[in-house]
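The values are calculated or read from the model by the stated rules, or taken from the named source; none is laboratory data. Predicted, not measured: the structure shown is a model, and the values here were computed from it. A quick note on method: Cβ atoms are made from the backbone with ideal geometry, for glycine too, and the neighbour counts reach across all protein chains shown. Note: accessible area is taken over every heavy atom of the protein model, side chains too, but ligands, DNA and RNA are not part of it. Shrake-Rupley method; radii C 1.70, N 1.55, O 1.52, S 1.80 Å.
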Amino acid sequence: MKHGAIAILPLAAGAAVYGFAFGLLAAQVGFPWWGVALMSSIVHAGSSQIVAVEQFAGTSAVVGAAFAGAALNLRYIGIVASLSDILSGLSLRMKLLAIHITGDENWALTMAERAKNPAVGASFLIGSGLVMISVWTVSTTLGAVAGSTLPNLEQFGLGFAFTAAFIAMARGLWRGPANLVPWIISFAVTIGVVTLGAPKAYAIVAGAICGLAVSHLVRSKKKVVL
């Protein structure tokens with residue numbers, strides 16, 4: 001656990017930056033600091049939280065926000081499935097804890113370290129995950145506290161922080177050229193649906209579904225060629 005906690009620190013520092021930005025803007029659209037803290041610790045999914053805050057700020061569409069958040073987090077089905085060997089020896093309580101604190105950063109780091117050393121397992125994942133959820137919760141809460149006392153941040157151009165946070169998370173999810181075509185299709189469909197006037201939450205869902213479909217086709221084609 002100590003090894004995982006130390007190894008994740010550089011990634012945690014990056015998460016703290018856009019976590020603070022998220023907290024600032026969440027406060028600006030009316031979220032109380034304690035609401036941000038609860039969301040970060042209980043939901044613990046940066047992309048879903050950003051979409052939820054944007055939806056609540058614009059239309060208060062709870063169903064749309066939940067639907068879009070679920071689409072953004074479909075990747076966690078595969079992430080958790082890939083941890084089956086690592087979590088196999090844990091009790092149900094510890095499995096649930098490990099799954100809750102697993103995010104893109106500590107999952108990727110755990111899998112990379114495990115590829116070098118098969119002895120790396122659940123303790124590393126949990127240690128790094130505890131650091132990430134702590135840093136994320138504290139940074140978003142501090143941002144919310146600061147945002148509630150500052151003037152409108154839009155006049156300083158900080159409204160772009162939501163977009164910047166997504167770019168930072170997308171960079172961490174990039175796995176090479178194989179992602180290029182599905183990502184382009186996903187972006188194009190999302191922009192197209194928004195242009196047609198549909199709610200942003202449903203545009204995200206449409207883009208995610210099309211991106212997944214294209215990704216499946218690309219992988220199937222590669223298997224046929226091989």
Qualifying residue in region 90-106 (condition: farther than 27 Å from Ala37 by Cβ, out of contact with any Pro (no Cβ under 9 Å at 6 or more places or on another chain) and touching a residue at least 12 places away in the same chain (Cβ under 8 Å)): yes
Single residue of region 115-132 satisfying the filter (assigned to a helix (DSSP H, G or I) and surrounded by fewer than 20 Cβ atoms within 10 Å (Cβ to Cβ)) that is nearest to the chain's Cα centre (by Cα): Leu130
For Thr163: the one exception among (1) among the polar types (S, T, N, Q); (2) under 21 Å from Leu38 (Cα atoms); (3) modelled with pLDDT under 85: (2)
Selection from region 1-27 of residues that are among the aliphatic types (A, V, I, L, M) and either more than 15 Å from Ile126 (Cβ to Cβ) or in contact with a Lys or Arg (Cβ under 8 Å, 6 or more places away or on another chain) (or both): Leu9, Leu11, Ala13, Ala15, Ala16, Val17, Ala21, Leu24, Leu25, Ala26, Ala27
Residue tally, condition under 15 Å from Ala68 (Cβ atoms) and not small (Gly, Ala, Ser), over region 192-218: 10
Arg93 being open to solvent by 60 Å² or more (accessible area, probe 1.4 Å) and at pLDDT 90 or above: yes
Single match in Ala37, Ala26, Ala13, Ala52 (criterion: over 30 Å from Gly197 (Cα atoms), open to solvent by less than 30 Å² (accessible area, probe 1.4 Å) and either of a type in the set (Lys, Arg) or part of a helix (DSSP H, G or I) (or both)): Ala37
